[in-house]
Every structure is written in C-alpha cells, then in structure tokens.
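None of the figures in this text is laboratory data; all of them are computed from the coordinates on show. Model, not experiment: these values are computed from the prediction. Glycine gets a Cβ as well: all are built from the backbone with ideal geometry, and neighbour counts include every protein chain shown.
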Amino acid sequence: MIDLMTRDTTRYQGRYLSLLERDGWEFSSRSNASGVVGLIAVTAAGEIVLVEQYRKPIEASVIELPAGLVGDHADPDESILSAAARELEEETGFAADRMELLMACPSSAGMSDEIISFVGAKGLTRVGPGGGDASESIRVHIVPLAEVDSWLTRQLADGKALDPKIYAGLFWLQSRDFFSN
C-alpha cells in the first residue's frame, strides 16, 4: 500500500486546515480531525431533523443535516458512531437508541481529502436543548417527511442556502431498510 502522505507537500498549515499538494494537485485537508459525520435523524413521527446555521465562507444561513468532526475533541481516536452520538445531542438536543453507518464518501473529491460518514439515527429522545457549543448558533428544524420538499423550497425562496447532502439523506431514507423497521 502506498502511503499517500509521503507524497504530500504542505503549502500552508493553519489551526484547522492545511493546503497540500500531491503530484501537482492542490487540495485542503483538516489538520484537527480524522473525518466528518453527517446524521440522517428521523423521529418516530416521521420527521427529519435538520439544522440551520450561518456559514461565514458563503455569508449565508445554510440548512443542513446535523454534522460534525470526528476526533476533534479530547479523543483523537474517537469512533464515527461516538462522534455521531455526540454531535446529534450537541447540535439538536436528541439522543438516538439506534445508529448505523450507512455510507462513507468524499465531500468534495476535487478540493479536499475529507471523507464524510453518513449515519442513520432513529429512536430519538429529546435530552437537551441542542443549538451547538459555545462557538455555534444552531437552529433546529423538525420537518415532517411528507412536507420536506415544500419546506426546503420555502427555505430557498427565503434566501437560505441548502446543503446538497440533505438530498443524499433523503435518498437514504427511501432506499434503506434501517429507517422502516
């Protein structure tokens, strides 16, 4: 197995991101985490849990799946499912009694080496207020699945950006047995 890291040249090293070059290709890499987890969380009433937060790079509020970094806290060896449980509670105030890794894929393969792991979460129980940590201001949206398309259309019309990973999550809801039993 080739160690890709030995071929990387660091062009910039920040607190959280690095700009690397490999074989003439520049890309970003997270220097403070081992991965990203995105949650497809569904209530027993058939609602998807989404979050909204202002994102400085695009200067807009964005509707997203709850998500976060893996290994960026006290435990750099944190597992994907542990990070998923932590982020679900931190961002939304929910805990899940069942979680499953659905798929891991690149978030932007031409720009970053980041891999996002999609985790299904069900059996949700409200355990806290959500809203994120001290550095975040997250608004939680509980949206009936039967109304999610029109709700997202309204959000877009109101000037909010939609993270396309939401649509990956909606696809998984339709195609996985995990959510039907």
Any residue on another chain or 5+ positions along whose placed amide H is under 5 Å from the amide H of Leu102 is listed here as Phe118, Val119, Gly120
In sequence order, what are the phi-derived ³J(HN,Hα) couplings for segment 22-29 according to the Karplus relation 6.51 cos²θ - 1.76 cosθ + 1.60 with θ = phi - 60°, rounded to whole Hz, with x for glycine and proline? 9, 6, x, 9, 8, 7, 9, 8
Taking loop as defined by DSSP and a crowding limit of 16 other beta carbons within 10 Å, which trypsin sites (Lys or Arg not before Pro) in segment 135-181 fit? Lys160, Arg176
Rel. contact order, % - alpha carbon contacts under 8 angstrom, at least six apart, the chain: 23
Karplus (6.51, -1.76, 1.60) ³J(HN,Hα), θ = phi - 60°, over segment 125-132, in Hz, Gly and Pro reported as x: 10, 6, 10, x, x, x, x, x
Please list, by residue number, everything in segment 120-140 whose backbone N is under 16 Å from a paramagnetic label point 7 Å out along Cα→Cβ of Asp158. 138-140
Three-way shape label, the chain, alpha-carbon gyration tensor, a/c 1.5: prolate
For Ala41, the residues 5 or more places away or on another chain with a placed amide H closer than 5 Å to its own amide H are Val49, Ala121
From DSSP H assignment alone, runs of 4+ in the chain each adding -39500 (n - 2.57), the sum over residues rounded to the nearest 500 puts [θ] at 222 nm at -5500 deg cm²/dmol
Measure nothing fancy, just the Cα-based angle from helix 148-157's long axis to the longest principal axis of the chain, in degrees from 0 to 90, nearest 10. 60
Can you compute the FRET efficiency between Asn32 and Phe171 using 1/(1 + (r/R0)^6), with r the Cβ-Cβ distance and R0 = 41 Å? Round to the nearest 0.05. 0.85
Could you give each residue of segment 51-64 its phi-based ³J(HN,Hα) in whole Hz, using Karplus coefficients 6.51, -1.76, 1.60 with θ = phi - 60°, and x for Gly or Pro? 10, 10, 8, 6, 10, 4, x, 10, 6, 7, 6, 10, 8, 9
